[in-house]
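Nothing in this text is a laboratory measurement; each read-out follows from the coordinates by a stated rule. Every value quoted in this text rests on a predicted model; they were computed, and no experiment measured them. Positions of Cβ are backbone-derived with ideal geometry, glycine not excepted, and every protein chain shown enters the neighbour counts.
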Amino acid sequence: MSPSDKKQKSNAAVAGAGKGRIASAPNSDGPSSPLHRVIYEKLLEEIQTGVYKPGERLPSEAMLCERFGASRITVAKAFQNLQRDNLVRRRPGSGTYVERPAEQSSLKFGLLIPDLGSTDIFEPICQGIMRSPAARSHSLTWGHQNLDETDKLRATEKLCQQYIAQKVDGVFFAPTEHAARRDEANHRMAAMLQRAGIAVVLLDRDFERYPQRSAFDLVGIDNHRAGFLLTEHLLNTGAKRILFAVRENSASTVEARMAGYREALYRAQGECGGAVISGDFESAKFVQQMLTRHKPDGIVCANDVTAARLMKTLVSLGVKVPDDVRMVGIDDVSYAKFLPTPLTTLRQNCAEIGVVAMDVMLERLRQPDMPVREVLVRCELVVRESCGSAEVQRVEDRD
């Protein structure tokens with residue numbers, strides 16, 4: 001189809017007054033994209049394929065509201081994002097016009113993710129970074145080796161030194177967790193990058209212990225709220241003795257989730273009890289001791305990996321989920337719905353974290369003196385059988 005044919009088709013869609021409206025777009029990583037991003041990506045595609053050429057005016061906000069079934073605020077946000085990426089220019093009283101592409105130097109970025117391959121959320125985050133429209137003229141380098149804990153940290157520090165030697169423009173850094181000397185290693189790599197004057201955007205987590213914050217921008221979810229919402233959900237299902245299960249040496253995100261868990265119990269006004277349990281959830285002896293001592297009827301797991309390990313052990317002990325104990329996790333990794341009892345969890349939009357991280361990085365490079373920011377991406381409660389909720393069928397139908 002030629003650009004002129006595409007433009008006629010696009011304009012026909014605009015004039016369709018409600019025909020073929022788009023409410024959302026499916027995302028390969030799970031949830032639907034926000035409508036403002038659907039509009040952004042569709043207009044971006046039409047600009048890139050020549051439907052709208054440099055210097056031409058885009059349809060009005062009112063026409064796009066009709067085309068996409070969206071509010072003016074949503075369309076305006078899509079326009080703002082196009083303008084942020086220097087794709088369009090808004091002329092007061094005239095409209096929004098496609099910008100003529102400016103000569104742009106290509107930037108080089110590095111990925112510093114020690115847990116890539118062992119933590120499920122980072123691959124879709126990286127895919128989001130690479131698919132970001134803002135990344136189209138830049139290059140991304142990454143390195144990963146499946147080594148033991150000590151060698152993994154050593155290899156990551158070596159990769160950090162390579163990025164510095166290559167004089168990359170920025171590094172996306174996800175501090176490692178679970179390693180015994182992780183704090184020391186994470187601080188050392190952060191200091192190396194800071195001394196080299198390389199921009200850093202943290203993915204998912206900080207290397208400082210909660211509630212402290214480093215001097216770098218961070219893109220992730222509101223982990224305190226995540227812990228609160230999951231605990232509140234179990235309370236609403238009738239659970240009274242709720243534990244928080246966490247692996248040793250977990251990231252600072254887990255400490256924030258733990259704080260949210262404690263706040264939810266506190267708001268229950270002393271009617272419910274709980275405890276934070278750290279240990280080996282693959283050990284039948286340890287889990288049996290936990291059950292005997294605390295007699296929980298609900299467990300908030302720090303993440304889905306912990307939930308999967310604990311659920312496997314509970315099954316081996318003859319404990320039924322959710323009949324004997326309700327369970328929830330965080331992340332909605334790919335296998336969460338395929339566990340022996342499908343897991344209720346809080347879904348992170350990992351691809352969106354990657355897209356936003358690239359936007360934050362480019363803005364940091366344009367304005368190096370702006371205040372440090374923490375950008376929080378939305379998350380969604382996915383209710384499945386493990387929590388014993390009556391809402392399961394309704395929510396699963398939407399998945």
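Below, the figures for the structure above:
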item	result
For the range 342-352, Karplus couplings with θ = phi - 60° (6.51, -1.76, 1.60), whole Hz, Gly/Pro x	x, 8, 6, 7, 9, 7, 8, 8, 5, 4, 5
D332 long-range amide H proximity, modeled H, under 5 Å	D304, L346, Q348
Rounded to whole Hz, the Karplus (6.51, -1.76, 1.60) HN-Hα couplings of the range 153-160, x for glycine and proline	5, 5, 5, 5, 5, 5, 5, 4
Other-chain or far-sequence residues with amide H under 5 Å of S132's (modelled H)	none
Relative packing of peptides 215-227, 61-73, 85-97 - highest average C-beta neighbours within 10 Å first	215-227, 61-73, 85-97
Pairs from K295/K320; K152/K285; K285/K337; K285/K320; K240/K312 whose Cα-Cα separation, in the structure shown, is over 19 Å	K152/K285; K285/K337; K240/K312
Loop GluC sites (Glu not before Pro), the range 205-250, which have at most 13 other Cβ atoms in a 10 Å radius of their Cβ (DSSP)	E248
Candidates per trypsin sites (Lys or Arg not before Pro) in the range 286-384, loop by DSSP, up to 16 other Cβ within 10 Å	K320, R373, R378
For L202, residues with placed amide H under 5 Å, excluding near neighbours	F173, D217, L218, V219
3J(HN,Hα) from dihedral phi, the range 283-300, Karplus parametrisation 6.51/-1.76/1.60, rounded to Hz, x for glycine, proline	8, 4, 5, 4, 5, 5, 4, 4, 5, 5, 6, 9, 6, x, 10, x, 9, 8
